[in-house]
Amino acid sequence: RRSVGFDTGIDFFPKDLWLHLKFRGYQGFSYSEDKDEKEDDVLVDDDGVKLDFRQRDIFASAIWVTAGREQFSVRAPFFLDRIQSKSAGSLLFGGKVQVSISRDHDKVIDFYSSRRDVYSAWVQSGYSYTWVFDNNLFVNIWGLVSLAFGATNDKSFGFIPDVNGKFAFGRWHNLWSWNMVLQMDYSPAIFREYVEHHLLGSFEILVVKRF
């Protein structure tokens, strides 16, 4: 079984807000536990049990950049469609609503043996700073902490904190701009009958040509 992932989203920047809408879909995961207790028709290899686990989620978020876009830009280090003229940072405050739909078709994880819908509402706060050097080189750090309460379609309630960190390095230019972004995200989901831990990491390279 292959692991397949897909995500897409759209961003808006009215005044000092960052509005983000995103859809994600994942299928195929490894589950590491006592392999001897698993059913015979579930695929097992050295990485663990290969599950037919499917998850889809959609969320909408809004982040307020308190310093104002004239002083600090979240677009500049991550989207490269703006150039920040001098070093500056900003406090970040926001919120998010999310719907996640998951199911383990192999029925190995009891919590997801039938369709599980999780509805959550988040409050967020953090800080970001961009250092601007000669020749428009820049370094950005980003930290955002989120707290959420979630409810499932079978009236189970849970607590879902999240910590997101980013490190970006790149260069702005009137013709070609580029960046490299390292991102880590950790989020445990704590329900009365079940606890899981999500750890996601990514490394992205973006090159933009201006016309």
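Key figures for this structure:
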read-out	value
Whole-percent carbon and sulfur share, accessible surface of the chain, 1.4 Å	58
Residue-normalised accessible area of the chain, expressed per residue, 1.4 Å probe, Å²	59
Size of electric dipole in the chain: Cβ of Lys, Arg +1 and of Asp, Glu -1, about Cα centre, debye, nearest 20	1360
Per-residue [θ]222 nm for the chain (sum of -39500 (n - 2.57) over DSSP H runs n ≥ 4, rounded to 500)	-500 deg cm²/dmol
List Arg75, Arg56, ordered by accessible area with a 1.4 Å probe, largest first	Arg56, Arg75
Equivalent ellipsoid, the range 150-211 (semi-axes from 5 times Cα gyration tensor eigenvalues, Å)	39, 12, 8
Distance in nm between pseudo-label sites at Phe203 and Asp110 (7 Å out along the Cβ direction from Cα)	4.0
Centroid-to-centroid separation of the range 88-109 and the range 125-163 [C-alpha atoms, Å]	11
Whole-number Å³ per residue for the convex hull built on Cα positions in the chain	130
Charge dipole (the range 56-162, unit charges on Cβ, about Cα centre) - positive-most of Ala67, Pro161, Val139	Ala67
Which of Ile160, Ile83 is most accessible, then next, and so on - probe 1.4 Å	Ile83, Ile160
Solvent-accessible surface (1.4 angstrom probe) belonging to Trp64, in square angstrom, nearest 10	120
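The values are calculated or read from the model by the stated rules, or taken from the named source; none is laboratory data. Given the structure is predicted, the values throughout are model-derived calculations rather than measurements. With ideal geometry, Cβ positions are generated from the backbone for all residues, glycine too; neighbour counts draw on all protein chains shown. Remember, those area values only see protein heavy atoms, side chains included, never the ligands or the DNA or RNA. Shrake-Rupley method; radii C 1.70, N 1.55, O 1.52, S 1.80 Å.
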